[in-house]
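The values are calculated or read from the model by the stated rules, or taken from the named source; none is laboratory data. Computed from a predicted structure; not experimentally measured. Note: ideal-geometry Cβ built from the backbone for every residue, glycine included; neighbour counts use all protein chains shown. We work out accessible area using only protein heavy atoms, side chains counted, and drop any ligands, DNA or RNA first. Shrake-Rupley method; radii C 1.70, N 1.55, O 1.52, S 1.80 Å.
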Amino acid sequence: MNKWFKHIGVAIALFFSVSVFAHASDKVGDTIEVNNGQIWAQLKSGEDGYTTSTSEFHGQAINVYDLRVLELRSDILAPAMMAALFGMIIIFVLFIKVNGISKLHGGFSGKLVYRWSKFDVSIHWLGAIPCLLLILTGLTLLAGRFFFQPYIGEGLWAGLVNGAKQVHDIMAIPFMIGWALMTVLWAKNQMPKMYDLKWMMVVGGYINFGPFKGKHPDAGFANAGE
């Protein structure tokens, strides 16, 4: 399993890097010097210009947004998302440090119980890999300009954002397909039961100290966390 994680991690990194640097390489040698104040002064005085853009918004000089939405995104949502991501990583590391790794009291028996078919595992990764890419690219698009852009060059930043946008748009499709298949095929084994409440009361038996130590609640086919 560790080998699979390594292979998947390398594949994700290569895919994302190729998207970024392919776009960045297209921009090499293109230098545009723009005086924003001069542009707006000319537009205000009625000057006409031209653009090579084929976008349906090519004639719109500036995007029209509710500034309160932009402030909410930049001042609250973006920092909150980054804090939640890295905060949970820190909490998880601290939990492992204090609690240790939960182990089987009697050790591994050597007996295997068949639970998931190879088809089920493939459906899981169909949803999981795009999910990870959506998280990474979504955070880049949402908060990258506050946490990454100040420390890298403009060319690299432009390539990074473009690559993140392309990957984010494409990966939404396999993620939704994987989610739909998991919902349809697995829902019958995921319905809440009374033993799920008992599982939650002892935190799944993961805590190795205090009154929760040694508790092994019934989890059914899928535990309450799943």
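According to a simple spin-label model (label point 7 Å from Cα along Cα-to-Cβ), what is the distance in nm between ARG73 and GLU47?
Going by the 7 Å Cα→Cβ label model, 2.8 nm.
Summarise the accessible area of region 124-222 (1.4 Å probe, protein heavy atoms) by the percent that is carbon and sulfur.
Summing carbon and sulfur atoms, their accessible area is 74 percent of the total for region 124-222.
Ignoring ligands, DNA and RNA, what accessible area per residue does region 102-226 give at 1.4 Å, in Å²?
Per residue, region 102-226 has 68 Å² of solvent-accessible surface.
Starting from the Cα gyration tensor of region 104-143, multiply each eigenvalue by 5, take the square root, and state the resulting semi-axes largest first in whole Å.
Each semi-axis is √(5λ); the values are 34, 16, 5 Å.
May I ask you to order 158-164, 97-103, 123-129 by the average number of other C-beta atoms within 10 Å around their residues, highest value first?
Output ranking for 158-164, 97-103, 123-129: 158-164, 123-129, 97-103.
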